[in-house]
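Here is the structure we will look at.
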Amino acid sequence: MFDLTKQRRYDAEASRRDILAAAEELFVERGFARTSTAEIARSAGVSPSQINYHFGSKEKLWREIHALKFKEYYKVQVELLSGRDLGVETVARSMEAYFRFFQNDQRFARLMMWNLLEVGGMGEGESGRLLGLGRDVIAEAQRAGRLRDDIDPGLTLMAFLGIVSWWFQARDEFCEKLGIEDPDAHEERYLETVTKLITEGIGPRD
């Protein structure tokens, strides 16, 4: 016998996936404010009421997209930052994980910029917990003498995050002005450069 319940459940899940995919495409291109619920619904092939049914509002849909994309990165960083005797090497590995996160999903860099400009809330949920963990790990390493203790741990973390995310948000324009051809070919050199700048700058002083 044909299972109508299973069919309805499948359709609901498929509609949810279609909405997420369509919304991400539009949010990346146009940002939050200039993307309407009606446009998302039209692109996804659903009615606007289905967006409200699945997500409650456009803002909740926006945050769901961020949460889904951030989830795996969060797990990687928590594992890195939950070890013992963390220090300069941990910072280097954490920077590389952040860099690879953007490298593997460069659309997220645009979403993050739109979020900062239009929506806010970057320090909430898993993002906020990870920020707190990163700051605390730096502070603990400072107290243990594994990192220099004359710099603020929160500002150090901000420098770490900014120097990595900037590459994916502004590299094309600045590389052109600086005469650097083919930014893709320079990604690994940029990672190597900024890792040296940060890790050699935060290491313990003799």
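Tabulated values for the structure
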| read-out | value |
| --- | --- |
| CD proxy at 222 nm, helix term only [per DSSP H run n ≥ 4: -39500 (n - 2.57); per residue of the chain; nearest 500] | -24500 deg cm²/dmol |
| Student exercise, the stretch 67-202 dipole from Lys, Arg, Asp, Glu Cβ charges, in Debye to nearest 20 | 380 |
| Dipole of the chain, positive direction: furthest Cα of Gln169, Val91, Ile19, with charges on the beta-carbon | Ile19 |
| Two-site FRET efficiency, Glu176 against Leu117, from Cβ-Cβ distance with R₀ of 30 Å, rounded to 0.05 | 0.85 |
| Extension gain, Ile151 back to Ala92 (0.36 nm per residue minus Cα-Cα distance, nm) | 19.5 nm |
| Unit Cα scatterers, Debye sum, the chain: log10 I(q)/I(0) for q = 0.11, 0.12 Å⁻¹ | -0.64, -0.73 |
| Cross-link partners of Lys69 among aspartates and glutamates (Cα-Cα below 17 Å; sequence separation of 8 or more within a chain) | Asp18, Glu24, Glu25, Glu29, Glu59, Asp105, Glu124, Glu126 |
| Angle between the chain longest axis and helix 187-202 axis [Cα atoms, degrees, rounded to 10] | 50 |
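Just so you know, all these numbers are worked out from the coordinates, no wet-lab data involved. Please read all numbers here as calculations on a predicted model, not as lab measurements. When we count neighbours, we look across all protein chains shown, and the Cβ atoms used for this are built from the backbone with ideal geometry, even at glycine.
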